[in-house]
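The values are calculated or read from the model by the stated rules, or taken from the named source; none is laboratory data. Keep in mind that what you see is a predicted model, and the values were worked out from it rather than measured. Counting neighbours? That spans all protein chains shown, and the Cβs are built from the backbone with ideal geometry, glycine included. The protein model used for the area step is the full one, side chains on, heavy atoms only, and it has no ligands, DNA or RNA in it. Shrake-Rupley method; radii C 1.70, N 1.55, O 1.52, S 1.80 Å.
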Amino acid sequence: MSEKDMTNDVSPPVRLGLLLIPGFALMGYAALVEAFRAANTLSGRVLYEWVHVSPDGQPVEATNGARILADARVGDRIACQMLFVFAGGDPRHFHDPATYGWLRQLARGRCAIAGVSGGPYIMARAGLLTGRRATIHWEHRPLFVEDFPDVALEHGLYVIDGPVITCAGGTAGLDLALALIARDQGDDLAARVGEWFIRTTPRDAAGPQRLSPAERHGTTNHIVLHALARIEAALDQPISREAIAQDCGRSLRQMERLFHEHLGQSMAETALALRLDSAAHRLRTTDAPITQIALDCGFVSAAHFSRRVRQRFGVPPSALRKG
């Protein structure tokens, strides 16, 4: 069936707006858009159509360097039923009152707004998430919680709170798209689209974004996992080994034996590695000063931090930031 014939269906297609913020994450964008494209193809009808929007109407570059042409600019009348906001990298870099105002205007006009990956951060800056349930990609979570404490942030893949939708991005974009297709077009088509993309097992909206602690650390020992949780919860102000052992109901000697047995290293080595990994992540994904990142990850000085980074990664903190 030709594209022209497909448009003859009596039901008008659902019109989607795709707002691309510079540095958006391509994976989350592709997972969503490709699912709607597949719904059109598999149904033999144009169920969805979309328009690409950028803040200034110019092409937008994703984090991997790919550039996508824009059909419209922020402020244009695009008459969409739902607008997706795609962002990535460090969404705090983006400051555009015109975009925030336009998002609020669309929301008042009963257009559903959906943020993907770092998109929820843009929505929160526009004031669209105040008092709402939401989620965001786990790498943006610490800064989001700090900047928007009035948002009920959850850990799931996506959250649909009425006309306000948030999605963690990545492959969770496909999960959200399938949920929307099922809502609009029925479970059968959504299942067929899932199979099209080799997704045979549906994931619940509240499903985890990351591996479980046991999977991440390679151990199922509940005492070690409890200790690791205590360490990860206090990276900025490291807890003493003695305090962790007491909290776990074990002696320090017993705890050290468990860490060597299950993780192959001491408690101190494990804690330092977790702090350095957290710091490296912040260097790659934020523009916070190196000294501030060092302090936030429990290091007493930038010099001490730099030495430890070199020992673990073989490069200075500035090189991690450039990467």
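Quick look at the values:
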| read-out | value |
| --- | --- |
| Packing-based ranking, highest mean first, of 91-97, 136-142, 276-282, 64-70 given that Cβ atoms within 10 Å are counted | 136-142, 276-282, 91-97, 64-70 |
| Accessible-area order (highest first, 1.4 angstrom probe) of the listed residues T41, T270, T200 | T200, T41, T270 |
| Angle in degrees between helix 187-196 and the longest Cα principal axis of the chain, rounded to the nearest 10 | 70 degrees |
| Reciprocal of mean inverse Cα separation for the stretch 162-284 (Kirkwood radius, Å) | 17.5 Å |
| Contour minus Cα-Cα distance for R183 and R133 (0.36 nm per residue) | 16.0 nm |
| Accessible area in the full protein assembly, largest first, 1.4 Å probe, for L225, L180 | L225, L180 |
| Gained length - V315 relative to V145, 0.36 nm times residue gap less alpha-carbon distance | 58.2 nm |
| Heavy atoms of D287 accessible to a 1.4 Å probe, total area in Å² rounded to 10 | 90 Å² |
| Accessible surface of the chain, 1.4 Å probe, proportion on carbon and sulfur as whole % | 51 percent |
